[in-house]
1. How much length would be gained if the chain were fully extended between Glu125 and Ala157, taking 0.36 nm per residue of separation minus their Cα-Cα distance, in nm to one decimal?
2. Measuring with a 1.4 Å probe in the full set of protein chains, what accessible area per residue, in whole Å², belongs to the stretch 85-214?
3. Hey, can you grab everything whose amide H is under 5 Å from the amide H of Ser130? Only 5+ residues off in sequence or another chain; H modelled, so Pro and N-termini drop out.
Amino acid sequence: MKISKIIAFIAALSLTGALLTACGNDNADTAETTTSAVTTTLKESTSVDLTETESSVSETGDSSNDYVADNEEPSASDMLQFSENENPLRPVIEAAVSQGEWPYLSEVTDEQIISDYFTLDKNNENYEQSIFMQCPMSANLTEIIVIKAADPEAAKADLEARQKKAQDTDAFYPADIERANSSIVGTEGSYAYFLMCDNTSDIEAVLVDALKAL
């Protein structure tokens, strides 16, 4: 670094100046000249370093602006991860997540997880379509499950069993307990749904409108 070299140079010249001063008053002018030269050199070098720094910032852009750009509010689609297989119920999930604040949600497709954790059978003959969305973080118990069924009331009963497990077993942290206790199971036409999130009543209204639009 240029600054390090300058500091070392200043230290050496300062020592020389001190020795010259110790030799007598006749050398005072020499010491003063040396100090003046050091000051001039430092100013010139600092000016060069600042110029180079400003040039570097101009080329790379304003870092504060970059920070703002990188920390913009994520869109609803940024908070969702769907499986590769196109699911006709995706628009319902996207509509629900567009309302309020949500954690990251990922679609669950593994049949064993759906059976063991959600207590649901993905291959249930009553289910015509289904989608299971879950926050993968254990400290945030958030879910959206939507099932299109030949018998939506039977599907609703299945989701009520899921709700009970969430309340009795899965909810651990205070916020999770609150979400589980305020979760909603309902039906709209041929669809049954389970919502476990913040502001469930507001989300339910959006979700129901999206189901009506299918």
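The values are calculated or read from the model by the stated rules, or taken from the named source; none is laboratory data. As the structure is a prediction and not an experimental result, all values here were calculated from the model. These accessible areas exclude ligands, DNA and RNA; they are computed on the full protein's heavy atoms, side chains included. Shrake-Rupley method; radii C 1.70, N 1.55, O 1.52, S 1.80 Å.
1. Separation in residues times 0.36 nm, less the Cα-Cα distance, equals 10.0 nm.
2. Dividing the accessible area of the stretch 85-214 by its residue count gives 48 Å².
3. Those qualifying (amide H under 5 Å, at least 5 residues apart or on another chain) are Lys148.
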